[in-house]
1. Determine, yes or no, whether Thr307 is in the same structural domain as Thr86 (by TED's automatic domain parsing), touching a residue at least 12 places away in the same chain (Cβ under 8 Å) and outside any strand (DSSP E or B).
2. Of a type in the set (A, V, I, L, M, F, W, C) and part of a helix (DSSP H, G or I) - does that describe any residue in the range 685-702?
3. Can you find a residue in the range 449-472 that is β-branched (Val, Ile, Thr) and under 16 Å from Ser696 (Cα atoms)?
4. Tell me, yes or no, whether the range 368-380 has at least one residue that is near the ligand (Cβ under 10 Å from one of its atoms), open to solvent by less than 10 Å² (accessible area, probe 1.4 Å) and of a type outside the set (S, T, N, Q).
5. How many of the residues making up the range 726-748 are under 18 Å from Asp624 (Cβ atoms) and among the aliphatic types (A, V, I, L, M)?
6. What are the residues in the range 445-457 that are closer than 19 Å to Ala569 by Cβ and open to solvent by less than 20 Å² (accessible area, probe 1.4 Å), if any?
7. Applying the selection to the range 646-667, what residues are of a type in the set (Lys, Arg) and under 18 Å from Thr745 (Cα atoms)?
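The values are calculated or read from the model by the stated rules, or taken from the named source; none is laboratory data. Bear in mind the structure is a predicted one, so any value in this text is a computation, not a measurement. Note: ideal-geometry Cβ built from the backbone for every residue, glycine included; neighbour counts use all protein chains shown. Heavy atoms of the whole protein, side chains included, go into the accessibility calculation; ligands, DNA and RNA do not. Shrake-Rupley method; radii C 1.70, N 1.55, O 1.52, S 1.80 Å.
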Amino acid sequence: MAEDHSMDTPEYIPRKYARKDSYEALGNAIKLSLDYEQDAVRRNTNAFNTGRYQATGKIPDYESLKDRARAIKEDAIRRLPELLDTLRSSVEQNGGTVYLARDAEDATRHISELCTGYNAELVVKAKSMTSEEIHLNSVLESAGMEVVETDLGEMIIQLADEQPSHIVGPAIHRNREQISTLFKEHFETNQSLDSGEELTKFARDLLRKKFIRADIGISGANAIAADSGTLLLVESEGNIRMVSQAPPVHIAIAGIEKIVPSKADLFPLLELLGPSGTGQPLTSYTNLITPPLNLRPFSFNHNPPDTRSFHLVLLENGRMDMRDDPMLREALYCIRCAACLNSCANFQTLGGHAYGGETYSGGIGAAWEAGTHGLETAKFGELCTGCSRCVPQCPVRIDIPWLNTVLRDRMNRSGDSEKFSFVYRGLLQSAPEDTTAPFQKQFFGNFATLARWGSRLAPLSNRLAATSPVKALLEKTVGLARDAELPQFATRTFAQEYKASRHDFNGSTPEVQKDAEVVLFPDIYVNYLHPSWGMAALGILNRLGIQTVVSDSFADGRAALSQGMVTTASDRAHELADGLKRYLDEERDIIVIEPSVLSMFRSDYGHLLNDEHLLTLFRERTFDPFEYLLNAANLTGRIQEMTADPGTISWPPRIFYHSHCQQRTSDAAEPTVKLLKSLGFEVKTSSVECCGMAGSFGYKREYYEVARQVGKDLAVQLEDAESEFGECLVAASGTSCTDQLKALTGRTVMHPLEILDSLLYTK
Ligand code: SF4
C-alpha cells in the first residue's frame, strides 16, 4: 500500500463541490486523486466488483430482469406528468404533502421553511444524492439547525467537509487509518478507534443520541410508487429506518425520475439494486414504507406529538429538459447502483473527486451533471475512454460510453477552433460539423490520415518522432505526452505485404476472389501498425485451406468517435460500409483483427448507420479471428491435428493473455483462450477491465499518467502469474493493450494469431 499522506499534507484540501469547468481544474483533481486517494478507491471498487460479478451471476434470469427494469423506467419517464399527479393524490390521501421544486433554490427554501415551521433544532439525515445536488446541509445550517449525517460514509465526509466520491459509498476514497484520525480530530475520546468495529460502534453510540433527540428526519428514496405513495429505501446500516421512524417529522427528497407507476414496479428494481450495487442479493435493510407511518414517534425531544407528519419534496432541477432530450433522457433511467463506476478502470484509479462533478461521479455522472448543472461542469466525462466495460453491468441497459461521446460532441460544437477549418477538413479530413473541436481532438480523431502519412514516410517518421525536439513540439502543439512510447508505423503496410506475397496464398486467383469463404478486413491498425498480425491471419487461413479474400482497408471511425467527432465518425462508417458493401450483400463472413473495430461494427455502428439490414449484417457476419475459427468454421479439431506441440519449441508452455476490453464486451475473447488452451498451453488471463491505454487516451499529455496508473494492475498480474507458474509468453489482442504491456513491462508481446501461425504446419 502506498504511503498515506492524506492527513498530514496541506495539499490535501477538501474538494467540496469542486467544479470541473476547465481542463486545468480537472488536471488538478486528477493529480490529487492519484497522489492521495488511489489505493483506497481501487481496493473498495474491486471489492464491489467481485461481489457484483458473483451476485449477478446467481440471478437466473438476469438479462430478462434487466429488460424488465429498463421497460419500467422507460414507461415511467414517458408517463411522468401523469405519474406526478397520481403520486400527489396518493401521498395526500395518506396524509402527507407533496411539493414539486423547480430547482435547487426552490427545494432548499421549501425544506428550510418546513423545518423552521416545526421549530427544528436537530435534523438527522440519511444518505441522499439529491440532497447533495441541492447543497441542502449548508442551507439548513445557515438557518441555525444542527444537521447530522447518519450514514457512516456521509458522516465521514461531513466531518472532512468533502463531497461524496461515489454515489453508493461516499467515503470509499478514505482508508481506516484516515477515518480514525478524522474521528479523533473531531471528537474527544480515549478509544483507540483502530478497527472497523470500534469505529462503527463509536459512530453508532454517537448517532443513537442524535436519533432520539431529532426533530426531523430527512431521507432520499430509491424509488417511489405513484399508485400508493410507497417509498423504496435500501440501506446497509439501518440508519434510514431510524431517520424515517424516530423523529415526528419525515421529509423525503427525491428527483422526479424516481417515480414508477406502481408498487409492483419496485420489485425488479429492488432485485437488481443490491447485486449491482454492493454485490448483496438483497441489501441488509430493505424498507418499503408508505408514510406517514401509523407509529408513535419515539423521539424524546420537544414532547413529540402522537401522530407523525410526512412531506415529499420532488425535485425537477433540469429533469424535464433531460426528458425532452433524447440523449440525456437515458440518464433518467439510472437507478444509481454505481456498477458503472466500479467497473470503470479509470474510476478505479481516480475515484469520484477527479472523475466527478459537483455531485455525480463516474461515467454516468457527466450526463447527470450536464442535465442538472450544465455542460461546462461535465468535462470530467473526458475520462470515459469508451472501453464499454460498464455497458453489460448497467441494470437498465444505458449505453454510458455513447452518452459521453454525445456530450463530448456537444462540447466540441461549442468550441471555437473553426479558424483552422481548412486544415481540419483538407488535410486531416474532419467533417465540417466537427471543425469547432479543439486541435488535439482533430489530430487524434483523424488517426487514419496520420497513419497513412506516417507509414509512407517511415522509417524517417518513426525516427523523427522519437527525437526530443519533435516530442516536445508534439506535446506543445497537439498535447501528445512526450514520455509516451509512440507506436511505430510500418514501412510496408499490410496491403503492400499482401500484394508482394499474394502468390503464396489461395486467395490470389480471380476465381477465389469471387468464391472465397471468408473476407479478411485489414483495419487501419493492422494495415499501418501491425501488418504481421494480418499476415499471420492469412497464413493460418491458408494452411487450414480456407479460401480468403482480402478487402481494401478503410478507416472505421473509432478514432473520431473517441474524440466526440460524431459526424466524422459517421462519415467514416458510411465510407467503410460502401467499401465492404459487395461482401456484406453477399453475406460473406468478415474477419476483423482489431477488437475496437469489431466492436464498432457490432455495437457503435448502431448509432452511426441508419440501415437496419446493414447493421444486422455487421452484427452477424463480422468475427474476431478465433471466434471465426472455433465457432463459425468449427475448426478446433483440425487446428489441433495440424499444430506442433508447444513443448517441442523453445517457448515457455504458459501464456499470460490480456484480452481487449471491447473484445470482452462483444463476447469475443473466450474463443482465443479456449484455442490457446486446446493447443496445450497453460493460459493465465488478466482480470483488469481495461489496460488504461484505450486508443489515443494514454498518449495524451493530460491523461498519460492516469493511463499508466490504470495499467499498473495489469503489470502486477503478469508478475503474479510468473511467480506462480514460471515464465510466460505475453500475449494481447488489441493494439493499445500491446503498446501498454510493452511500455509497462518492457516485454515482447505477441498477438495470439502470431502464436498460432508459428505452431501451425501445413498438412
Ligand atoms: S448508469 Fe446504470 S450502472 Fe451506472 S449507476 Fe446508473 S443504473 Fe447503475
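1. So Thr307 fits the description; yes.
2. Yes, that holds for at least one residue.
3. Step one: of the range 449-472, the residues β-branched (Val, Ile, Thr) are 449, 467, 470.
Then drop every residue that is not under 16 Å from Ser696 (Cα atoms), which leaves 449.
Yes; the residues of the range 449-472 include at least one that is β-branched (Val, Ile, Thr) and under 16 Å from Ser696 (Cα atoms).
4. Looking for residues that are near the ligand (Cβ under 10 Å from one of its atoms), open to solvent by less than 10 Å² (accessible area, probe 1.4 Å) and of a type outside the set (S, T, N, Q), one finds at least one in the range 368-380, hence yes.
5. Result for the range 726-748: 2.
6. Of everything in the range 445-457, those that are closer than 19 Å to Ala569 by Cβ and open to solvent by less than 20 Å² (accessible area, probe 1.4 Å) turn out to be Gly445, Asn446, Ala448, Thr449, Ala451.
7. Of everything in the range 646-667, just one residue is of a type in the set (Lys, Arg) and under 18 Å from Thr745 (Cα atoms), namely Arg654.
Yes/no matrix, rows are residues, columns are (1) open to solvent by 60 Å² or more (accessible area, probe 1.4 Å); (2) assigned to a loop (DSSP other than H, G, I, E, B); (3) not assigned by TED's automatic domain parsing to the domain that holds Gly692:
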residue	(1), (2), (3)
Ile590	no, no, yes
Ser599	no, no, yes
Gly606	no, no, yes
Leu614	no, no, yes
Leu617	no, no, yes
Glu620	yes, no, yes
Tyr628	no, no, yes
Ser650	yes, yes, no
